[in-house]
Every structure is written in structure tokens, then in C-alpha cells.
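The structure appears below as C-alpha cells.
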Amino acid sequence: MRRFALSLSLLTITLSRTASAEVAGLHLTWRAPAGCPTASEVERKVDMLLVGHAPWTGSILKAEVLVTQLPGGAFEALLASEWAGSRATRKLQGESCVAVASATSVALALALVPEASSARAREAPGATARTPPSQSRARRAPTVRQRPARSFAVGRLSAGVALRALPRPAALFGAGAGWHQSPYAVELGFTLASPQSLRLNFPDQASAEFGLWSLDALACYAPLHNAAIEFFACGGPVLERWSAETLGISNPGKAGLSLISVETAIRSQVRLTPSISVGLGVQPVVRLRQHRFVVGGLGEIHPIPAISTAFMGSFSLQL
């Protein structure tokens, strides 16, 4: 009976040590989303990697790890470490939280024992000679291949108002598609203004119906971007097509005018989900000169301004 109790006590101690998995020389602060490996599991992995390689005990390795999920579904770990007053920061990325936790365990193990990756091949069994990490900073952790920025197609629907383009403020509706690879983007867009009716001063009862659509090609750069929000500065050419039809006169007429202008845009975009975003933007259009819109028989009916502005809201979907 006494022998059974002693065996049970030894088994309990063994299980307790496995559960705590405290690693000598390591002080780990681990923050990760629900469902990810815990700090204890990471420490157990480090402890397993250190089997046969006693860690350097001249100082305590303080490590803080923050794991976040990227918009595309991958995970990223920000590892900040401090050893004897020396600080370092690095990022590890993986397709799953388990993969990131495993990479973090390897990085921590090699930080504690920098030569562990090659020691098994050159040391005799039982050898425990160690090089202080402060002398092997360049070999503390394996090189982790950084994932390139993801590229993806985007579809966009937008609505807003145009000022100073037509005789009165006009509602705008647009659609576009583009290709994004943060922090860059290129987009093609089509915008249609709601038609407007303008009563003319002469002759009596005369009026004109105005229409406007445009096709633009924009290149954008986001100087400020993260997983939740982006601010884009864009620019590019825009093809504008103006049309008018006169009514209420004995000889009604039609006219059209096409212009190549320069469009700029400042956009803010907030990500609601990994694939859905909403945004606001202002889009000034600069024309090389002020054009005169002329309809036969009536002459000039609307001076097209050199500068007009549109304010747009958008809904974007990652395709």
C-alpha cells in the first residue's frame, strides 16, 4: 500500500511539472485570441526543444508575445524580447495560430540556446557547454520568411453628390473594380450623374436637359494603413462626357462634349469584416481650362467650371 501511494505521488508530481512547463531562464507573457495555444502549451514546446540543451542561466529572457489574426485569415505574432538590457522585436506569421505558436516556441528556444540547432550534430552526448546569448545575437532565432503582401481584387459601389459640375448639385452613382496590394491600389470606375433640367432665360418656355457621366482610372497609395483602416491618396485621368438637349423651342437641338481631365481623390476606408469595407472620399476634378457648353441655335447654355468636386460614400467587397 505504501509503495502504491509513493508511485501515485511520483505520478502526480510528473503530471504537475508537465502541466506547468516552466522553463528556466524564461519569463513569458503570452496574449492570443481564443482557440489559440496557451502560454503553458508554448512553454511546454520550448521545454521539449531544450531537451539535452541546458539554457543559458546568466540572465532572464523576458518575452512578450501578442498574437493577432490578419484580415486574410492568417495569424501574426509580435515578439518583443529583452535580455540583459538588450531589446529586440520581430514578427512571425503563419497560416494558423498553432503554426505561429510553434514558430514562437522555436524562436524562444534558440534565443535561450543560440547554438541548439547545430549542437546535436557536433557535440558529444551529455555535453552542456553553452555560448552566452549576448555573444550570439545574430543566431538567436531562425530566419522566418516574411509573407508578401496579399493582393486581391475589389469591387466598389458608391454614391454621393457633385458640386459645381452641373448647374446645380447633382446626385452621383458609381461602380468600379480594382486590384489591391497594400499599400498600393489601381481602380477603374464609372460614375453617372442624375439628369438635370435648367430653364433658360431666352426664349420664353425654353429649357435644357443636362447629363454627365465619367470613366476614370486611378492609381492609389495608402500612407496610413493597418488591419482596420486605410487612407488613400489617388490620382489619374478621367474621361467626362457632357450632353444636353434643348426643349420648348421651335428647333430643338442636342449637343455633346467629351473632355480628358485630371482627377484626384482622398479616401478613408474602414474594414467591417475581412472582405467588406465602407469608406468616404472627396474627389476634385481639374480641367485644363474652362470650357463653354454650346447648343446650336441657343449658343452657350452652361460654362463648365475649371474645377469641380464630388463627395462620395462607398461600399467595397473583396473578391
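The values are calculated or read from the model by the stated rules, or taken from the named source; none is laboratory data. On a predicted model such as this, the values are computed, not experimentally measured, just so you know. For neighbour counting, all protein chains shown are included, and Cβ atoms are generated from backbone atoms with ideal geometry for every residue, glycine included. Remember, those area values only see protein heavy atoms, side chains included, never the ligands or the DNA or RNA. Shrake-Rupley method; radii C 1.70, N 1.55, O 1.52, S 1.80 Å.
For a quick check of your reading of the model, give me the residue pairs whose first member lies in the stretch 84-99 and is on the phi > 0 side of the Ramachandran plot, whose second is outside any strand (DSSP E or B) and surrounded by 14 or more Cβ atoms within 10 Å (Cβ to Cβ), with beta-carbon atoms closer than 6 Å and at least 6 apart or on different chains.
Taking only residues 6 or more apart or on different chains, the pairs are A84/S59; A84/S134.
Looking only at residues in the stretch 70-90 that are open to solvent by 50 Å² or more (accessible area, probe 1.4 Å), assigned to a strand (DSSP E or B) and modelled with pLDDT under 90, which one is farthest from N226 (Cα to Cα)?
Here the residue is E82.
Would you pick out the residues in the stretch 94-131 that are in contact with a Phe, Trp or Tyr (Cβ under 7 Å, 6 or more places away or on another chain) and modelled with pLDDT of 80 or more?
Scanning the stretch 94-131 gives G94, S96, C97, V100.
Has the stretch 245-255 got at least one residue that is open to solvent by 50 Å² or more (accessible area, probe 1.4 Å), without any contact (Cβ under 8 Å) to a residue 40 or more places away in the chain and farther than 24 Å from S197 by Cα?
Scanning the stretch 245-255 turns up no residue that is open to solvent by 50 Å² or more (accessible area, probe 1.4 Å), without any contact (Cβ under 8 Å) to a residue 40 or more places away in the chain and farther than 24 Å from S197 by Cα.
Where in the stretch 153-240 are the strands (runs of 3 or more DSSP E), entirely inside, with at least 2 residues that are touching a Leu at 6+ places or on another chain (Cβ under 6 Å)?
Values: elements: 170-181, 184-193, 196-199, 207-225.
Those strands (runs of 3 or more DSSP E) span 170-181, 184-193, 207-225.
Do you know which residues across the stretch 213-254 are of a type outside the set (S, T, Y), under 20 Å from A162 (Cβ atoms) and touching a Ser or Thr at 6+ places or on another chain (Cβ under 7 Å)?
W213, C234, G235, V238, L239, E240, R241
Inspect all residues belonging to the stretch 1-21 and state whether any of them is under 30 Å from I229 (Cα atoms) and either at pLDDT below 80 or part of a strand (DSSP E or B) (or both).
no
Condition (residue is within 28 Å of S316 (Cα to Cα) and in contact with a strand residue (DSSP E or B) (Cβ under 7 Å, 6 or more places away or on another chain)) applied to the stretch 245-254: is it met by at least one residue? Before you say what the answer is, go through the steps one by one.
Quick first cut of the stretch 245-254, residues within 28 Å of S316 (Cα to Cα) only: none.
No, because not a single residue in the stretch 245-254 is within 28 Å of S316 (Cα to Cα) and in contact with a strand residue (DSSP E or B) (Cβ under 7 Å, 6 or more places away or on another chain).
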